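Written below as structure tokens is the structure these notes are about.
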Amino acid sequence: DDDDDDVLIVEKGARGKRPIFECFWNGRLIPYTTVEDFDWCAPPKKRGLAPIECYNRISGALFTNDKFQVSTNKLTFMDLELKLKDKNTLFTRIFNGQEQRMKIDREFTLWLKDCHEKYDKQIRFTIFKGITVRTDLPSKRMQSPWTTYAAIEWDGKTYKTGQLVKTIKTHPIFYGSIEKFFLYGDHDGDIFATGGEVQIALEPQALYAETRIIPISKLDRTVSEKKVKKYIEDEMARLPDKLSVTWPEGDELLPNETRFAGTPIGALRIEILNKKGEAMQKLPGTSHGGSKKLLVELKVILHSPTENKEIISHISQHGGKWPYWFKKMENLQKLGNYSLKLQVVLNESNADTYAGRPLPSKVFKFTIIEGKPEKFLVGLLELPFRIGVPFNIPLELQDEFGHPTHLTSRIRPILEASGLTLKHEDICVGTKCVIKGVTAKGCINSCQGKNFNLKITLPGLKEDTQIIKIRLQPGPPQQLKVKPDSEILKIENGTAFPFQVEVLDESGNITVQPELIVHCKFLGASDLPVYSVDCSNGGTNILAGPVIHVQNIKKDQILKAKIEVLNCKDVSPVEKIIKLLPSSHVARLQVLSMNGQKALQIKHQDEITCVAGRIMNKLIFQIIICGRDTKLIHLKSVNWTPKIDRELLMQGLLPDVKVPSSVKDVRYCLITYLDEHVSLESAFTVRPIPDEPKHIKCKLKGSNTLQLGEELQSEIDVMITDQFGNQIQTMTSACINSLGVSGPGLDKSNLKVTWQVFIRQLCFAWREFSDFIRVNLIAGSPAKLQCVDWPELERSLMIVVAGSSSLLSLLLGFCDVLDVGRQFQIYLSLQVFRPVENSLFRRDFISIFMISVYCRGEHILQLRASYNKTVLDCPILTINVLPDPEKPVCLNVKYDKSPSFPAGGTFPDFMVSVVSEDDTIIKNINPARISMKMWEAQSSRMRTQVDVTTFSCSKVKDDKEDGFFCFRDKVVPERVGTYCIQFTFAMDKINMLNSEQIIIEVVPNDPVHLLPDSLPATPAVSNVQALTSRTLVKDLYLHIMDEYNNHTGRDLVGRIIAKIKSPNEEDTEIPQFQGKVSTVEFPFERGSAEIVSNLVLAEDSPGRDSTEYILVFEPHLPALKKPLEPYRLSFMFYNDSKKQQLMATLTREKDQLSKSIDLYRKMFDTTNQLVDEMKCQVKEAEARETFLKNELKKHQIELPQTNIV
């Protein structure tokens, strides 16, 4: 059908099947001999000047003379047709009675065209629309001009745009609607013509979605529009309309169903039905278009608030003998809302629409919830657990997939623990499952608690048991246990009775809790003690306290002891009966001192005063026993003497006590008594007091050094002491009149000191007593500041070099009014020079060291000292600071600034010199200290150093250039852009002197070759009908590059010619581009050519199968003197589309592998380079190590073995 434009189908029209010529012989019709046609009047194979229908309307008569033989019956010619169709036969035309020789075929065509235009009235074209170009025709000559119309009148009928029609004599028969009419030629209104073509849209469009152009003569003029509509409706009914879903194996999924997790979805049997209810597995097709297979896609989607996640995706195809089928799905376990979607898709593209209409689909929405309880976990328990205190056990019920669920029926849990009695209330049924009111009772034997394994069983579950480890502590206090257990207790008066108390819980375990205080109160007498003990830590303790003592009892007395736990109302108090017996033991110990005939009692812990150094005697003691008369008993011990006279003790006398000689010493005296029942003691303190005055002592507060002429500011203490040196505090103010002070040369009214350093002694006397104090005299206060070692003091001028360190040293001295030098700490202020590092003292002088001088020229140095807000001046000093000829200040760079910098070229020579402070060039500098750095500038504002390249200087050609360092033959970067150049001089290991940055622009070099932006993949094409299979390149951009791949040639204008070549020059079968052309031209401007439209091979293009060809892009640039190297792109040509697709895939893989190989090769090269650099560094380190070892050996330093690497 696509060849209708080139090869015309000859239809027998007006003449029918009759031949053109009837034959006459000498004017007589020879009926049985006819001539079908001649070559020049036969219908042409391709369209000519006249429509093909005109050749069917001609007829003629052929008259012969006697030169042609006929049969005897005059019915047939014998050899007429053979002679006429001989190649040597000449045809001439008789015009106006004259014979003319000409090309009979051309003349006949012109005559036929003239007759057609004058006399044929077949079809009328109306409603002119415009002139267009037919790009669907392969021949460019026939693509234009074509006039389009919206209607025609033919054989009394009108055909308009949108009218439904049917074709005849086409294979296959088309049904469609008219879109437009075509008439070849340039027309501008209604016109009659015999031919023309019509463009129809195939119906139904939902099934075909394509158009066809056929000759108008192939329209069926007999068919009715109703019949065409009936055909279209029948075709539409063949399209897929709905899905039929069944569940042959059960487990049917109902719409909006709620299912338990893990419930399987049964196998699905699916059929695609059209509107007629017929099952189908592919789109309905005709012979003019292949039918497309249909597939069914199944997707299970989990819906969540954030996203929809695809869980399952399968595609099923029709099996021929069995329908679409999906297996059972058993892996749906996650909770949530789901959608099961069944969608009909096309086989080739998986598209769910066809011709703009959606293909049938079906959606089942369902929800998966948690299943029945199968197991459980124990939740977070609230600590602590105590005996008798209810607690709850939260349970987390789960289905078989671990989803939280809840009980649907009541379950009686079983709790078990070895050694415990457990009780609990009912279990809650609902979303939160809790075993409430669990109480435990049992023996623990420790107040710290005991570990138990608690076994929890929920009957009816698949995994019905969980064992948890709990630590059970004693419960709250419930009872109090007191030992001894008897109700009546006997104790002796004056003794304490301890109780063993235990606080117990309801199970009899010793328990603890904060503020667990056990209190015992005695009743039955006055002034009885109260016992109290804290059992918070151990739960048990000894309840004890002071002795129980009732005064003057002669017989047994009954007391009551009430023992209870404070702040615990639940614990019942315990009462005990106490029978108090009279005591038979010593009650107290008394000490007395005899003052004449009177005895004075010395109470326990009394303090007694006595004159220092004397003896205390006549001390007696008494021991009193309760219930008996007072009598003397033997004493145990005293602490002031190791030996005791037993005879004195028998008399009731204590040993004598010697009073300490110093009032600072205190004598502590202790008397103790001890027997098998009681221990008594009595103690007193003896404090000495001073004796009569005996000596005088003086003490100076503060420094004993005093300046001449200065008053002594410190105080001198004068003390009067006894014979033991104890100060007598009882002296009155009247004794001052007897105190005198004397000393050699001492002026009592106003003491003056001369400049000499003297050590004077001051004598202090009172009555016949005296003492001496030594006082040191030093130089007076500073009054002058003098410069000691200033050179040429008369001129007061010193010449120094700027920046020099440790150059100027001043020695200053301070003098008092008598010109005596002395040490004194001062603060100096400099007016001209910046910092003074420090002021150091050297005996009587101060040495000032200055770091450096920064300002050149003459400067005045004024030194000042401050003392007690008084300013001391020094003579003015003048310093002349000269510039330093050895100090580098800047770098001077000279170079030729006129030339440009093409990529990969050579820089001009850079001459660098180091300039000092006095503007002279510094010579004798090591060239290794000067370097040239270059880096690419990131932007015009930021010129930071990134990826710096460093160059060293070259040798100087001429000795006249001493002091200049030349950087010669340095290579310009290969990449186009802005670069910064800076020269650096290493002043020391830390400080660097940099020159000003030189900004250069690196421009592209000379054009060399033509390259694309990015190398395209190797194409693999074929000459099939599909456009994509014939496409060589898409959106290709070619640029002129220099040898370093920089864009250049911005000012060049020309063209790019694309052609196809074979590597084998003898090969003549070369593929052609679309339109059967061998070359394609593209414009070239501003150094680039944009090949926006796709470069496509012609359909059925020549070429050898599985052969490699080269696509060559040749630049033609008139302004370029040297021709550029063209860009060549190899491609594979195939006659088979499947082979082309396979080879295209393999070619892409080959290109990816080639790129990977290049990347790995670059990585290996970089690694090898790094290894080489590391080897060089190792060699340098080894050489450095050897050098250092030799140096150490020269200095006779042994290298430890542990430091050797």
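Just so it is clear, none of the values below were taken in a lab; they were calculated from the coordinates. Since this is a predicted model, take the numbers as computed values, not measurements. Here the Cβ positions follow ideal geometry from the backbone for every residue, glycine too, while neighbour counts run over all protein chains shown.
Assuming 1.306 mPa s and 10 °C, estimate D for the stretch 293-357 with Stokes-Einstein, Rh taken as the Kirkwood radius over Cα pairs, in µm²/s.
Roughly 118 µm²/s, to the nearest whole number.
Counted over all Cα-Cα pairs of the chain, pairs farther apart than 41 Å make up 81 percent. Considering lysine pairs in the stretch 888-1003 that are 8 or more places apart or on different chains, how many have Cα atoms under 24 Å apart? For the stretch 888-1003, the number of qualifying lysine pairs is 25.
By how many nm would the segment from Glu711 to Thr1028 grow when fully extended, if each residue of separation counts as 0.36 nm and the alpha-carbon distance is taken off?
Working: separation 317, 0.36 × 317 = 114.12 nm, distance 11.93 nm.
Difference between extended and current length: 102.2 nm.
Relative contact order of the chain, taken over Cα pairs closer than 8 Å and 6 or more residues apart, is 3 percent. Between the listed residues Phe1131, Ala1058, Ala1119, the Cα displaced farthest toward the positive end of the dipole of the stretch 1009-1135, a dipole computed from Cβ unit charges relative to the Cα centre, is found at Ala1119.
What percentage of all Cα-Cα pairs in the stretch 129-209 are separated by more than 15 Å? Write down the numbers at each step before the final one.
Details: 2014 of 3240 pairs.
So the portion of pairs separated by more than 15 Å is 62 percent.
If the segment from His677 to Glu1149 were pulled out straight at 0.36 nm per residue, it would be longer than the present Cα-Cα gap by 158.8 nm. Only Lys, Arg, Asp and Glu carry charge here, each on its Cβ (+1 for the first two, -1 for the last two); on that basis the chain has a dipole of about 3140 debye about its Cα centre. Pairs spanning more than 29 Å between alpha-carbon atoms, out of Lys293/Lys327; Lys432/Lys469; Lys157/Lys292; Lys293/Lys1034; Lys293/Lys341; Lys372/Lys469: Lys157/Lys292; Lys293/Lys1034.
Rounded to the nearest 0.05, what FRET efficiency do Asp485 and Arg412 have when you use their Cβ-Cβ distance and R0 = 60 Å? Once rounded, the FRET efficiency stands at 0.85.
For the chain, the longest principal axis of the Cα atoms and the long axis of helix 104-119 meet at an angle of about 80 degrees. Going by a ≥ b ≥ c, the root eigenvalues of the Cα gyration tensor, does the stretch 375-473 fall in the rounded group (a/c under 1.5), the prolate group (a/b larger than b/c) or the oblate group? In terms of gyration-tensor shape, prolate.
If you only keep lysine pairs separated by 8 or more in sequence, or across chains, how many in the stretch 18-115 come under 17 Å at the Cα atoms? Display every interim value, and only then the final one.
Values: Lys45/Lys113; Lys46/Lys113; Lys67/Lys83; Lys67/Lys85; Lys85/Lys103; Lys87/Lys103; Lys103/Lys113.
Lysine pairs meeting both conditions in the stretch 18-115 amount to 7.
Take the Cα of Tyr867, step 7 Å toward its Cβ, do the same at Leu1188, and the gap between the two points is 5.5 nm. Between Lys328 and Gln163, the FRET efficiency estimated from the beta carbon spacing at R0 = 60 angstrom works out to 0.65. With the largest listed first and rounded to whole Å, the semi-axes of the equivalent ellipsoid of the stretch 1009-1135 from the Cα gyration tensor are 27, 14, 13.
Please state the shape class of the stretch 238-369: rounded when a/c is under 1.5, otherwise prolate if a/b exceeds b/c and oblate if not, all from the C-alpha gyration tensor. Prolate, since a/c reaches 1.5 and a/b exceeds b/c.
Among the listed pairs Lys17/Lys226; Lys229/Lys276; Lys169/Lys1076, a Cα-Cα separation exceeding 29 Å is found for Lys17/Lys226; Lys169/Lys1076.
Between the alpha-carbon centres of the stretch 44-91 and the stretch 679-699 there is a gap of 177 Å. Counting only lysines at least 8 places from Lys483 when in the same chain, those with an alpha carbon closer than 28 Å to its own are Lys441, Lys450, Lys521, Lys555, Lys560, Lys562, Lys569, Lys576, Lys579.
For the chain, the longest principal axis of the C-alpha atoms and the axis of helix 1137-1194 are separated by about 30°. Extension gain for Glu492-Gln98 works out to 123.4 nm (0.36 nm per residue, less the C-alpha to C-alpha distance). Over the chain, DSSP H runs of length four or greater, each weighted -39,500 (n - 2.57), average out per residue to a 222 nm ellipticity of -2500 deg cm²/dmol. When the chain is described by a simple charge dipole with +1 on each Lys and Arg Cβ and -1 on each Asp and Glu Cβ, the residue from Leu891, Leu239, Val547 located farthest towards its positive end is Val547.
Once you have the alpha carbon radius of gyration of the stretch 888-1003, what is it after dividing by 2.2 N^0.38 Å, with N set to its residue count? Don't jump to the answer; show the numbers that get you there.
On the way: Rg = 14.4 Å, N = 116, 2.2 N^0.38 = 13.4 Å.
It is 1.07.
Here the spin labels are modelled as points 7 Å beyond Cα on the Cα-Cβ line, and at Ala267 and Asp988 they lie 9.3 nm apart.
Looking at the P(r) of the stretch 442-585, how many percent of alpha-carbon pairs lie beyond 28 Å?
On the way: 3819 of 10296 pairs.
Of the Cα pairs, 37 percent sit more than 28 Å apart.
Both the radius of gyration and Dmax for the stretch 21-234 are 22.7, 70 Å, in that order, over alpha-carbon atoms. Counting only lysines at least 8 places from Lys129 when in the same chain, those with an alpha carbon closer than 18 Å to its own are Lys160, Lys180.
When the pairs Lys423/Lys481; Lys282/Lys334; Lys218/Lys321 are compared against a 32 Å limit on Cα-Cα distance, Lys282/Lys334; Lys218/Lys321 fall above it.
Can you quote the Å³ per residue value for the convex hull of the Cα atoms in the stretch 508-606, rounded to an integer?
Values: hull volume 16.6 nm³, N = 99.
Expressed per residue, the convex hull around the Cα atoms of the stretch 508-606 is 168 Å³.
The Cα center of the stretch 302-335 and the Cα center of the stretch 965-1013 differ in position by 65 Å. Take 921-934, 1012-1025, 58-71 and order them by the average number of nearby Cβ atoms within 10 Å per residue, most first; the result is 1012-1025, 921-934, 58-71.
Note on Lys375: aspartates and glutamates with a C-alpha under 15 Å away, same-chain residues under 8 apart excluded, are Glu396, Asp399, Glu400, Glu463, Asp464.
Principal-axis analysis of the Cα atoms of the chain puts helix 225-236 at an angle of about 40° to the longest axis. Label-to-label distance, Glu692 versus Val1003, with points set 7 angstrom from Cα along the beta-carbon direction: 12.7 nm.
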